[in-house]
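The block underneath contains the structure these notes are about, expressed in structure tokens.
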Amino acid sequence: MRLKIKNLIINFGLLLIIIETLTPIYFMIKYSISDRDSIITGGDVIPLWPYHPTFMVYKYLLSSPKFIDVFLNSVKVAGFTLLFALMLGVPMAYGLSKIKSVYRDFLLVFLMSIRVFPDIVSVIPITEFFIKLNLDNTILGVSLAHTLLALPYVIFILLADFEKVPPEIELQAYNLGASKTTTFLKIIMPMVIPSIIVSSIYIFILSWDEFIFSYFILGYGEIETLPVYLNKMLSFQPPQNILMGVAVLLSLPVFVFVLLIQKRLLINIKEGALKE
Amino acid sequence: MKEMLRLEHVYKTYNNTDGIKDISFIVNKGEFVSLLGSSGCGKTTTLKVIAGLEKVNSGKVYIDGKDATNFPPQKRDVTMVFQNYALFPHFTVFDNIAFGLKMRKVNDYDIVKKVKNIASILEISEYLDRKPSELSGGQKQRVALARALVVEPKILLLDEPLSNIDAVLRRTMILELKSLHKKLNTTIVYVTHNQLEAISMSDRIIIMKDGRIIQEDTPEKIFTNPKNRFVASFIGEFKMNFIEGRIEERVGDLKFVAYNDIVLNLTDYQKSKLWAFKDKFVILGIRPSDIYIKHPREGLLGNDFSGVVDIIEHFGINKLLIVKIKGFPITILVPKDFNVSENDTISFSLLPENFYFFDVETGENIFYEV
Amino acid sequence: MKILKEYLFELIIIAPATLFLLGFFILILFYLIGVSFFPQGDFTLSVYSAIFEDQEFKRIVLRTIIFVFIGTPLELILSIIFAILLFNKGILSSIARSLYIVPFAIPTIVTAIVLFVLFDYPGGHINVLLQGKYFIFPFKIISEPINWRSSEFLSLFVSMLGKLWRDLPISTFIILTGLSNIYKEEIDSAKVLGAGDFQILKHIVIPELIPSIFTVLFLRSIEFWKEFIFPFILAPRYYLISTVIENYYHNWNMVDKASAVSLILLGFIVITIILIRFSMNLLRFFTFRLVKNYEIKN
Ligand SMILES: Nc1ncnc2c1ncn2[C@@H]1O[C@H](COP(=O)(O)OP(=O)(O)O)[C@@H](O)[C@H]1O
Ligand SMILES: [Mg+2]
């Protein structure tokens with residue numbers, strides 16, 4: 001009897017967790033497929049499910065030049081960030097994995113400590129600096145800022161993987177006459193491709209989601225990324241279905257990518273939590 | 001003798017197959033009973049059912065005369081020592097041992113007295129202030145034992161307590177457990193996969209296989225009267241030799257014939273039962289320790305053979321010879337100082353009174369006495 | 001020098017990223033110090049004294065402290081409850097576990113805006129729900145719709161909800177990892193020794209979870225100090241330290257004040273890190289005692 005009550009409470013609690021997790025997503029989708037009457041109800045209760053579900057919003061957004069433009073900006077920023085972060089991060093992680101010295105750990109801790117700065121703290125110096133370099137209001141500027149955010153993660157993920165590569169493999173390559181560069185590019189890099197893919201997804205998501213730096217660096221200029229666009233829309237009080245349509249389209253790539261790497265993500269959270 | 005534990009047709013299965021099936025046995029007060037079987041045969045599950053940590057699918061568990069089938073673990077007054085000891089890492093040894101008393105709301109004065117007493121019996125008084133992480137395997141095990149004993153449970157369940165410690169320490173612990181049992185007279189159900197532990201400590205042994213009880217008897221009886229081939233091969237320090245052959249009538253006499261060449265005489269008693277198996281296959285078993293090595297000048301004893309020593313393995317005070325007779329290997333146990341080297345030829349005799357016979361199909365001991 | 005020769009190749013390939021990170025590190029630190037302490041070239045505390053004399057800023061600091069000190073323990077408690085619920089096996093539990101990842105998969109700004117819409121005034125879903133107008137929840141909690149964004153407490157409460165929704169899975173996951181490090185046999189031992197559910201929780205589970213609990217406290221308190229997007233969208237009228245930085249910068253164009261407040265925020269975070277580290281170390285010397293004041297040696 002007592003056991004029954006206990007089970008009941010547990011299952012009820014679990015149900016609440018599930019509902020709690022899904023509620024925001026449910027309403028986001030619900031709004032995005034709502035027709036006009038389901039939003040502007042003229043004082044009536046707003047329905048939990050649209051009267052006439054429609055994909056009108058998506059049709060509208062995907063044919064709106066402005067939205068396409070913003071979407072492409074986000075893609076460009078994420079693409080450049082990916083390029084920069086990998087170009088800087090992969091050699092860095094490999095180099096660090098080779099250096100067997102206490103100085104390396106100092107360097108690592110020091111470089112990682114840039115993450116102690118909250119985004120809102122580091123954003124002003126960087127924005128002001130970029131204004132001086134005329135990098136404000138440019139896709140390049142935002143990408144560089146995102147690279148700064150992504151780099152510590154990339155190094156963290158890849159370093160662990162490079163360290164797992166048995167040293168004999170490299171020695172064998174040298175032994176057969178390969179140079180250090182060839183060994184790195186032809187032998188070691190291919191061995192860590194899975195981690196590079198995971199890092200790429202990390203970088204992409206980070207850049208795609210990022211709001212604070214994009215918002216400061218792009219200011220109120222011409223160029224917008226999706227998160228900045230979404231924020232700007234808010235001040236014009238748009239119909240909620242359009243707002244949520246943008247939100248869904250912004251979330252979709254992230255959602256797909258996160259599902260792709262969810263196992264790795266959880267492992268990294270665990271390791272990250274232990275390291276902090 | 002007072003009955004302390006009784007299991008009646010207990011079933012506890014996982015995924016409908018694994019687990020224990022139709023387990024029934026009785027343990028009397030003060031008795032030391034072992035559950036013996038290889039890994040995965042359901043020993044731990046049986047203990048958990050007794051402790052109330054697993055609910056039975058069907059069947060009854062009686063503890064001290066009361067139907068305890070539906071009692072929660074807290075109400076059973078049965079403690080258990082787990083294979084990995086499961087000490088609480090954040091408590092000192094003292095608090096670990098005190099835990100059960102505290103839960104029973106014993107006052108602190110008595111707790112201190114009892115903990116110290118059990119600690120001195122198990123010789124861990126010096127470590128009371130340490131954390132489990134600062135103890136060796138053997139010490140941890142004593143702490144786990146002390147923690148389970150200090151509450152003076154009706155039944156103490158031990159799950160392979162000696163499996164994680166080295167062989168030398170194991171020997172001493174076997175002796176200590178035995179004397180501890182004598183001293184405290186606790187009712188103990190002991191689980192092991194090591195037949196030596198079971199034989200040297202228990203009043204009775206219950207042999208399990210695939211979730212079922214195969215045989216239940218005293219150590220001596222189990223050794224001399226194994227129910228089937230499985231028990232015979234499981235019990236005994238060195239694995240029994242098994243030879244498959246036919247019971248044949250040769251010149252009016254009943255013989256065991258293997259490989260057409262090896263012909264063995266039988267005792268009259270054996271013959272009387274084996275007539276029924278004439279021209280049928282049976283399995284003959286003989287323990288390595290039961291094979292008689294002959295002096296070079298000793299006369300014929302019947303069933304005499306000579307063979308070449310193929311391999312010698314050393315086991316403490318004994319050594320095991322693998323000898324080929326007519327190309328067929330047979331293991332023979334001899335004392336360490338027995339003078340022999342590989343490729344020597346030795347003579348020995350397979351005395352029929354040491355034979356066991358098993359049914360080819362069922363593996364049952366043909367001469368099993370109920 | 002030896003290191004230089006030995007690792008020449010390695011040093012060359014780590015140089016670009018090192019310079020990049022180092023450069024920005026120095027840039028950020030020097031810029032913030034320069035602008036806030038040397039606004040006209042000479043050292044002065046005038047920027048800081050102006051900030052600290054501002055009554056509004058004091059309120060902001062207090063508000064942020066309350067935000068952190070309610071949010072962090074709340075998240076900890078919820079994550080422990082969630083973890084204990086999720087620790088049970090079953091269909092619901094595996095569904096809930098597989099949904100863990102969902103909040104990561106939604107951009108923060110999207111979550112904030114969804115909450116913005118849900119907590120709309122007067123006709124947002126939450127207001128309608130609390131008025132008992134949906135058949136799934138026929139309880140009239142409030143009679144008039146609430147304007148969530150016009151109340152200091154409520155707007156920050158909604159921001160906190162957003163933050164919790166997003167971050168609880170990580171915290172729960174950390175606690176759950178700690179839980180699964182407790183041997184099942186320890187719990188079973190406690191049971192056969194007579195401990196009930198509550199005693200097991202008190203004497204075994206919680207003490208053994210302490211390291212995980214500290215990890216959560218550590219990570220989450222920093223998170224709450226830094227949180228920007230949720231209060232920015234959901235409590236635009238009631239600044240926290242993070243959002244007032246944006247306000248100084250964008251609305252008032254006061255780069256010096258924004259920088260000074262940035263350093264102050266950094267200071268709070270560093271102090272928090274040190275405090276939690278310190279108490280973590282203290283705890284290492286602390287032993288859980290079941291039986292107090294016993295003498296081992298007679
Ligand atoms: N909780 C469980 N869930 C599923 N199967 C289990 C569980 N516990 C034990 N089993 C299975 O039941 C059988 C008996 O296990 P156990 O009693 O632990 O064996 P033993 O202790 O003799 O090694 C094994 O096949 C094991 O895999
Ligand atoms: Mg077992």
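The values are calculated or read from the model by the stated rules, or taken from the named source; none is laboratory data. Quick caveat: nothing in here was measured; it's all calculated off a predicted structure. So basically every Cβ, Gly included, is an ideal-geometry build from the backbone, and we count neighbours across all protein chains shown. Areas reflect the complete protein model, heavy atoms only, side chains present, ligands, DNA and RNA absent. Shrake-Rupley method; radii C 1.70, N 1.55, O 1.52, S 1.80 Å.
Is it true that some residue in region C:187-196 is in contact with a helix residue (DSSP H, G or I) (Cβ under 6 Å, 6 or more places away or on another chain) and more than 14 Å from chain B (Cβ to nearest Cβ)? Within region C:187-196, not a single residue is in contact with a helix residue (DSSP H, G or I) (Cβ under 6 Å, 6 or more places away or on another chain) and more than 14 Å from chain B (Cβ to nearest Cβ).
Restricting B:Val106, B:Val61 to those that are in a strand (DSSP E or B), away from ligand 2 (no atom under 16 Å from the Cβ), of a type in the set (A, V, I, L, M, F, W, C) and over 21 Å from the mean Cα position of the chain (by Cα) reduces the list to B:Val61. Condition check for B:Val56 on (1) more than 12 Å from ligand 1 (Cβ to nearest atom); (2) within 21 Å of B:Ala144 (Cα to Cα); (3) among the β-branched types (Val, Ile, Thr): one failure, at (2).
Within region B:4-11, can one find any residue that is within 24 Å of the chain's Cα centre (by Cα), more than 16 Å from ligand 2 (Cβ to nearest atom), under 17 Å from B:Lys154 (Cα atoms) and open to solvent by 20 Å² or more (accessible area, probe 1.4 Å)? Yes, because at least one residue in region B:4-11 is within 24 Å of the chain's Cα centre (by Cα), more than 16 Å from ligand 2 (Cβ to nearest atom), under 17 Å from B:Lys154 (Cα atoms) and open to solvent by 20 Å² or more (accessible area, probe 1.4 Å). Using the structure shown, decide if B:Asp22 is acidic (Asp, Glu) and either away from ligand 1 (no atom under 16 Å from the Cβ) or at pLDDT below 90 (or both). Answer is no for this residue. Of the candidates A:Val256, A:Val246, the single residue that is assigned to a helix (DSSP H, G or I), within 12 Å of another protein chain (Cβ to nearest Cβ) and surrounded by 20 or more Cβ atoms within 10 Å (Cβ to Cβ) is A:Val246. Residues that are buried (at least 18 other Cβ atoms within 10 Å of the Cβ) and within 16 Å of A:Ser113 (Cβ to Cβ) within region C:26-55 comprise C:Ile28, C:Leu32, listed in sequence order. Within region B:231-255, the residues that satisfy the criterion of being under 13 Å from B:Leu284 (Cα atoms) and within 31 Å of the chain's Cα centre (by Cα) are B:Ala232, B:Ser233, B:Met240, B:Asn241, B:Phe242, B:Ile243, B:Glu244, B:Gly245. For B:Asp64, the conditions (1) farther than 27 Å from B:His193 by Cβ; (2) within 12 Å of ligand 1 (Cβ to nearest atom) all hold with the exception of (2). Looking across region B:25-53, the residues that are part of a strand (DSSP E or B) and within 16 Å of ligand 1 (Cβ to nearest atom) come down to B:Phe25, B:Val33, B:Ser34, B:Leu35, B:Leu36. Residue-level check: of (1) within 27 Å of B:Val143 (Cα to Cα); (2) over 21 Å from the mean Cα position of the chain (by Cα), B:Gln83 misses just (2).
For B:Asn194, the requirement of being open to solvent by 10 Å² or more (accessible area, probe 1.4 Å) and within 16 Å of ligand 2 (Cβ to nearest atom) is met. Listed by position, the helices (runs of 4 or more DSSP H) contained in region C:190-252 that have at least 3 residues being open to solvent by 30 Å² or more (accessible area, probe 1.4 Å) are C:197-200, C:206-226. Scanning region B:16-52 for residues that are within 14 Å of chain C (Cβ to nearest Cβ) and within 12 Å of ligand 2 (Cβ to nearest atom) yields B:Thr44, B:Thr45, B:Leu47, B:Lys48.
Table: residues versus (1) more than 19 Å from the chain's Cα centre (by Cα); (2) of a type in the set (D, E, K, R); (3) closer than 13 Å to C:Arg166 by Cβ.
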| site | (1), (2), (3) |
| --- | --- |
| C:Leu78 | no, no, yes |
| C:Phe82 | no, no, no |
| C:Lys89 | yes, yes, no |
| C:Ser93 | yes, no, no |
| C:Ile101 | no, no, yes |
| C:Val114 | yes, no, yes |
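Restricting attention to region B:149-181, the residues that are surrounded by 20 or more Cβ atoms within 10 Å (Cβ to Cβ), within 14 Å of another protein chain (Cβ to nearest Cβ) and either among the small types (Gly, Ala, Ser) or away from ligand 2 (no atom under 16 Å from the Cβ) (or both) total 6.
Go through (1) over 30 Å from B:Arg142 (Cβ atoms); (2) more than 16 Å from ligand 1 (Cβ to nearest atom); (3) within 14 Å of another protein chain (Cβ to nearest Cβ) and name the single condition B:Phe91 misses. Tallying (1) over 30 Å from B:Arg142 (Cβ atoms); (2) more than 16 Å from ligand 1 (Cβ to nearest atom); (3) within 14 Å of another protein chain (Cβ to nearest Cβ), B:Phe91 fails exactly one: (1). Residues of region B:255-283 being assigned to a loop (DSSP other than H, G, I, E, B), more than 18 Å from B:Asn241 (Cβ to Cβ) and of a type in the set (D, E, K, R), which ones? The answer is B:Asp279, B:Lys280.
Scanning region B:95-128 for residues that are within 7 Å of another protein chain (Cβ to nearest Cβ) and either hydrophobic (A, V, I, L, M, F, W, C) or open to solvent by less than 40 Å² (accessible area, probe 1.4 Å) (or both) yields B:Asp95, B:Ala98, B:Phe99, B:Gly100, B:Met103, B:Ile111, B:Val112, B:Leu128.
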